[in-house]
Amino acid sequence: MHLNFRNQNKRRYLTVMVISNKPLKFILVALVAILPFVSFANPTEEKEGTPTESTDVKSEIKEFINHHLLDAHDFTFNADKESGEHNGFSLPIILWDNGLQVFSSGEFHHGEKVAEHNGNYYVIHHEKIYKTDASGKLTEEHGHPTNVQPLDLSITKSVVGILFVSILMFIIFSRLAKSYAKNGGIASGAGRFFEPLVLYVRDEIAIPNIGEKNYKKYMSYLLTIFFFVFFLNILGLTPLGFNVTGNIAITASLALLTYLITTFSANKNYWAHIFWMPGVPTPMKFILAPIELLGTVIKPFSLMIRLYANILAGHVVLMSIIGLMFIFKSWIGSTLSFGLAFALSILEILVAFLQAYIFTMLSALYFGAGNEEHHHEGAEHH
């Protein structure tokens, strides 16, 4: 009897251990899977030919996500669809159309009206500005307007985010430099938080990948790109609605900077390795040269796509989970959606740091490859 009792307790203990060791991800997936079954609290009757309320909500969520992912010519904090009231501020529109045309984005009234300036009429459609007539007519072909697009040099929401982060970085690191000079090389204030990150970029990214001989000339760029991407990623998680690093034009510009610096600062050994690879038969050198040259372009392209895709996907998933609170009209569905959104937001902070680290690390790796010294074959025998 005593032995049987111990065996029963042992089996119960093992059962509890198995249940407690279930992965959290499996439990969350199971809870999400039952959400459609617990949303019966507010059933909707579908009538033939008329859209249901659920369909309208889904369309609004999809429209909101698409609007968030696009750049904007105004800065809107929130909007009331019923009253048409928008809280925010306008941004300057700068166009080149038979001369410089400058006016406020408020002339568009959030895309509802035609803007007139110096006898020219403009309309905004999916955050693109087209030239039109007084009626605002757009001629479409295959679903896309064929109207003339003037050269758009406007200050958009992404530009505001870039300027804000640039000014913030200038203030933070100018104060850090002053604290070093004032306190004998000891950081003070907010500089105590950023100093370990600066040392981390130097000791764990720059020196191991570039080398102690050449790392200093790249430190200014590596520090700038690390904190620039990191701050923009964090800014994208705020309710302000920024999506700068989720814009492929921004990531392409950053990758292009890395490519240009690598190309123009590389030594002769780097180019010799590309066009006349040592240690391989001569016929193979002619085959490998175009492949290696193509590789110099593919590397920054992968930098661009990696940052863009990860940040964009994070924004889409996070906002889609938040939208579930309005689709599943039950206390269980809303609570789970909020919990998942909160957990994913914490995870996105880690992703924001990780993507800044990866971009900086790979840039340093490319710089190091461009400055690698030629190793003589006879050096190993001495």
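The values are calculated or read from the model by the stated rules, or taken from the named source; none is laboratory data. All of these numbers come straight from a predicted model, not from anything done at the bench. Cβ atoms come from the backbone with ideal geometry, glycine included; neighbour counts cover every protein chain shown.
Across the stretch 164-210, what is the total count of residues that are within 30 Å of Glu372 (Cα to Cα) and either polar (S, T, N, Q) or in contact with a strand residue (DSSP E or B) (Cβ under 9 Å, 6 or more places away or on another chain) (or both)?
Adding up the residues that qualify gives 1.
Taking Phe242, is it closer than 19 Å to Ala309 by Cα and either modelled with pLDDT under 90 or assigned to a loop (DSSP other than H, G, I, E, B) (or both)?
Considered against the rule, which asks whether it is closer than 19 Å to Ala309 by Cα and either modelled with pLDDT under 90 or assigned to a loop (DSSP other than H, G, I, E, B) (or both), Phe242 comes out as yes.
So, Asn183, is that one closer than 30 Å to Ile250 by Cβ and at pLDDT below 90 or not?
Numbers: closer than 30 Å to Ile250 by Cβ: no; at pLDDT below 90: yes.
Answer is no for this residue.
Of all residues in the stretch 224-241 being of a type in the set (A, V, I, L, M) and surrounded by fewer than 23 Cβ atoms within 10 Å (Cβ to Cβ), which is farthest from Ile205 (Cα to Cα)? Spell out how you get there, then give the answer.
Taking the stretch 224-241 first, the residues of a type in the set (A, V, I, L, M) are 225, 229, 232, 234-235, 237, 240.
Next, only the ones that are surrounded by fewer than 23 Cβ atoms within 10 Å (Cβ to Cβ) stay: 225, 234-235, 237, 240.
On the way: Ile225: 13, Ile234: 21, Leu235: 24, Leu237: 26, Leu240: 32 Å.
The residue in question is Leu240.
Checking the condition surrounded by 15 or more Cβ atoms within 10 Å (Cβ to Cβ) and in contact with a Phe, Trp or Tyr (Cβ under 7 Å, 6 or more places away or on another chain), which residue from His110, His125, His117 passes? Step through it out loud before you land on a result.
Numbers: His110 fails: in contact with a Phe, Trp or Tyr (Cβ under 7 Å, 6 or more places away or on another chain); His125 fails: in contact with a Phe, Trp or Tyr (Cβ under 7 Å, 6 or more places away or on another chain).
Just a single option satisfies the conditions, and that option is His117.
If you go through the stretch 319-353, how many residues are surrounded by 15 or more Cβ atoms within 10 Å (Cβ to Cβ) and either under 20 Å from Leu240 (Cα atoms) or not aromatic (Phe, Trp, Tyr) (or both)?
Total meeting the criteria: 22.
Looking at the stretch 46-60, which of its residues are at pLDDT below 75 and assigned to a helix (DSSP H, G or I)? First the steps, then the outcome.
Of the stretch 46-60, the ones at pLDDT below 75 are 46-55, 57, 60.
Listed by number, the residues that qualify are Glu53, Ser54, Thr55, Val57, Glu60.
Can you work out which of the residues in the stretch 64-81 that are of a type in the set (D, E, K, R) and assigned to a loop (DSSP other than H, G, I, E, B) is modelled with the highest pLDDT?
Result: Asp71.
Would you mention how many residues in the stretch 182-204 are within 24 Å of the chain's Cα centre (by Cα) and hydroxyl-bearing (Ser, Thr, Tyr)?
1
Restricting to the stretch 242-278, name every residue that is small (Gly, Ala, Ser), more than 18 Å from Ser302 (Cβ to Cβ) and surrounded by fewer than 18 Cβ atoms within 10 Å (Cβ to Cβ).
Looking only at the stretch 242-278, we keep the residues that are small (Gly, Ala, Ser), and these are 246, 249, 252-253, 255, 265-266, 272.
Narrowing further to those that are more than 18 Å from Ser302 (Cβ to Cβ): 265-266, 272.
Passing the criteria: Ser265, Ala272.
In the stretch 279-296, what count of residues is obtained for those that are loosely packed, with under 11 Cβ neighbours inside 10 Å and in contact (Cβ under 8 Å) with a residue 12 or more places away in the chain?
Adding up the residues that qualify gives 0.
Do you know which residues across the stretch 154-181 are basic (Lys, Arg), more than 17 Å from Phe75 (Cβ to Cβ) and either buried (at least 16 other Cβ atoms within 10 Å of the Cβ) or in contact with a Ser or Thr (Cβ under 8 Å, 6 or more places away or on another chain) (or both)?
Residues of the stretch 154-181 that are basic (Lys, Arg), as a first pass: 157, 175, 178.
If we keep only those that are more than 17 Å from Phe75 (Cβ to Cβ) too, we end up with 175, 178.
Selection gives Arg175 alone.
To keep it simple, each residue is scored yes or no on (1) closer than 23 Å to Ile225 by Cα; (2) assigned to a helix (DSSP H, G or I); (3) in contact with a Gly (Cβ under 8 Å, 6 or more places away or on another chain).
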position: Ile321; (1), (2), (3): no, yes, no
position: Met325; (1), (2), (3): no, yes, yes
position: Lys329; (1), (2), (3): no, no, no
position: Leu336; (1), (2), (3): no, yes, no
position: Gly339; (1), (2), (3): no, yes, no
position: Leu347; (1), (2), (3): yes, yes, no
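Working only within the stretch 82-113, note down all residues that are hydroxyl-bearing (Ser, Thr, Tyr) and part of a helix (DSSP H, G or I).
Across the stretch 82-113, the qualifying residue is only Ser105.
Give me the pairs, please: first residue somewhere in the stretch 255-267 and assigned by TED's automatic domain parsing to the domain that holds Thr360, second residue anywhere and not in a helix (DSSP H, G or I), beta-carbon distance under 9 Å, and either six or more positions apart or on two chains.
Between residues of the stretch 255-267 that are assigned by TED's automatic domain parsing to the domain that holds Thr360 and residues that are not in a helix (DSSP H, G or I), the close pairs are Ser265/Asn214; Ser265/Asn371; Ala266/Asn371; Asn267/Asn371; Asn267/Glu372; Asn267/Glu373; Asn267/His374.
Is there a residue being touching a His at 6+ places or on another chain (Cβ under 8 Å) and either free of Cβ contacts under 8 Å to residues at least 24 places away in the same chain or assigned by TED's automatic domain parsing to the domain that holds Gly236 (or both) anywhere in the stretch 166-177?
First, pick out the residues of the stretch 166-177 that are touching a His at 6+ places or on another chain (Cβ under 8 Å): none.
No: the stretch 166-177 contains no residue that is touching a His at 6+ places or on another chain (Cβ under 8 Å) and either free of Cβ contacts under 8 Å to residues at least 24 places away in the same chain or assigned by TED's automatic domain parsing to the domain that holds Gly236 (or both).
Kindly evaluate Leu151 against the criterion of being exposed (fewer than 14 other Cβ atoms within 10 Å of the Cβ), closer than 20 Å to Ser105 by Cβ, of a type in the set (A, V, I, L, M) and not assigned by TED's automatic domain parsing to the domain that holds Gln101.
no
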